[in-house]
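Novice: One structure is given below, represented as structure tokens, and several questions about it will come after.
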Amino acid sequence: MNIFRLTGDLAHLLAIIILLLKIWKTRSCAGISGKSQILFAIVYTTRYLDLVTTYVSAYNTLMKIFFLGSSFATVYLIYVKFKATYDHNHDTFRIEFLILPAVILALLINHAFTPLEILWTFSIYLESVAILPQLFMVSKTGEAESITSHYLFALGSYRGLYILNWIYRYAMESHYDLIAIVAGIVQTVLYCDFFYLYITKVLKGKKLQLPA
């Protein structure tokens, strides 16, 4: 544990809380990609199967349970509780084009050819692109509510802080995980355009708009 990982985890928690509060308070999931949330649910499910086999710490266990529970709760709110407000006409990204390459990569490039390790590696690859349906949806509609923008910024910050965490661990512990680092960099790069617009527009009180 270090300051970069801790603040990264807090940014991740903040992103999820912002999203859940947005949906619950407005009683609407308008502007939220259900497909991205399905991908995140798949990511956490395949990554945290070790909950039943390995204990690291109370912090680690509670975080895993929270991410699993919140991801399925979000999917439930979008597709069941508030499905009438779900904008399926704009949430049209073909997620099979993200899942299948992640499966193939996990089978080809992994640390060990075991079921848990392959599923963990798959989750790393898939998480790096899981936000694409959401960014595609924002681009397709041409704009995003401020609260949705805050969610995306917090989520992107989490990945950026984790890159600093990996740099710190390499410098202090000579530890690195190339798979996680490359996937994290890919994921952070996907947010770059959004970060620029967020800083130049949303923080100045303007509505975020992306080119369609």
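The values are calculated or read from the model by the stated rules, or taken from the named source; none is laboratory data. Note that the structure is a prediction, hence the values are computed from the model and not measured. Cβ: placed from backbone, ideal geometry, glycine included. Neighbour counts: every protein chain shown. Accessible surface areas use protein heavy atoms only, side chains included; no ligands, DNA or RNA. Shrake-Rupley method; radii C 1.70, N 1.55, O 1.52, S 1.80 Å.
Novice: Against the condition in a helix (DSSP H, G or I), open to solvent by 50 Å² or more (accessible area, probe 1.4 Å), within 20 Å of LEU190 (Cβ to Cβ) and touching a residue at least 40 places away in the same chain (Cβ under 8 Å), how does PHE153 come out, does it pass?
Specialist: Yes; evaluated as a whole, the condition is true for this residue.
Novice: For PHE136, only one of the following conditions fails: (1) more than 26 Å from ARG5 (Cα to Cα); (2) modelled with pLDDT of 95 or more. What is its number?
Specialist: (2)
Novice: With LEU161, LEU178, LEU107 as the choices, which residue is more than 23 Å from LEU51 (Cα to Cα), free of Cβ contacts under 8 Å to residues at least 24 places away in the same chain and open to solvent by 40 Å² or more (accessible area, probe 1.4 Å)?
Specialist: Of the residues listed, the single one that is more than 23 Å from LEU51 (Cα to Cα), free of Cβ contacts under 8 Å to residues at least 24 places away in the same chain and open to solvent by 40 Å² or more (accessible area, probe 1.4 Å) is LEU178.
Novice: Which residue is farthest from MET1 (Cα to Cα), if the candidates are limited to the stretch 30-84 and must be open to solvent by 40 Å² or more (accessible area, probe 1.4 Å), β-branched (Val, Ile, Thr) and not in a loop (DSSP other than H, G, I, E, B)?
Specialist: It comes out as VAL80.
Novice: OK, next. Quick one: what pairs do we get from the stretch 53-75, first residue within 18 Å of ALA130 (Cα to Cα), second open to solvent by 80 Å² or more (accessible area, probe 1.4 Å) and part of a loop (DSSP other than H, G, I, E, B), C-beta under 7 Å, 6+ apart or different chains?
Specialist: none
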